[in-house]
1. Given the conditions (1) closer than 19 Å to Gly26 by Cα; (2) assigned to a helix (DSSP H, G or I); (3) free of Cβ contacts under 8 Å to residues at least 40 places away in the same chain, which single one is not true for Phe71?
2. Residues to consider are Arg109, Arg135; find the one that is modelled with pLDDT of 95 or more, over 21 Å from Leu27 (Cβ atoms) and either among the small types (Gly, Ala, Ser) or not assigned by TED's automatic domain parsing to the domain that holds Arg33 (or both).
3. I'd like to verify a number: residues in region 39-61 that are surrounded by 17 or more Cβ atoms within 10 Å (Cβ to Cβ) and under 21 Å from Glu78 (Cα atoms), how many?
Amino acid sequence: MSDLHASPPVSGERTYGIGELAAEFGLTLRTIRHYEDEGLLVPARDGQARVYTHRDRARLALICRGKRLGFSLAEVKEFLNLYDVDDAQAEQMRYLQKAARQRIAALERQLQDVQQTLAELRAIDAEIDDHLNRRSRHEATSREDSNR
């Protein structure tokens, strides 16, 4: 499903304003509007005001989680669109599993890189400590010799 359509709130359904959702999720209004521009959210309108339903709030929670896990907005959008198409969520789950496995592999590579970098930096730190300690001992010996 390429176009998400705003569904008006069901009578009596809890709705949210953009500021309310921004505060709840720690986002700026601009960020939420950007998600709308990207087609991730399509709130209903009451005049000029955006009206978000429980479904919109749930989508925003998934968007935030996807971003926190390092997924691109395009990947998050694909995941959300699959949810709209497949009531059983099988396609959505397969897509998410594949994306999660790819993300895990990328993070494991990054972790190896970070561990290697830390090992190199620790070795440099130890070399500098050793050098400075030798220099301090040499200077102390030189001072003792000159005081004699």
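The values are calculated or read from the model by the stated rules, or taken from the named source; none is laboratory data. No experiment lies behind these values; they were computed from the predicted model shown. Methodologically, a virtual Cβ is constructed for each residue, glycine included, from the backbone with ideal geometry; neighbour enumeration extends over all protein chains shown.
1. Evaluating Phe71 over (1) closer than 19 Å to Gly26 by Cα; (2) assigned to a helix (DSSP H, G or I); (3) free of Cβ contacts under 8 Å to residues at least 40 places away in the same chain leaves (2) as the failure.
2. It is Arg109.
3. 10
Yes or no, residue by residue, for (1) among the acidic types (Asp, Glu); (2) assigned to a helix (DSSP H, G or I); (3) out of contact with any helix residue (DSSP H, G or I) (no Cβ under 9 Å at 6 or more places or on another chain); (4) closer than 21 Å to Arg14 by Cα:
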residue: Arg50; (1), (2), (3), (4): no, no, no, yes
residue: Leu62; (1), (2), (3), (4): no, yes, no, yes
residue: Gly66; (1), (2), (3), (4): no, yes, no, no
residue: Gln102; (1), (2), (3), (4): no, yes, yes, no
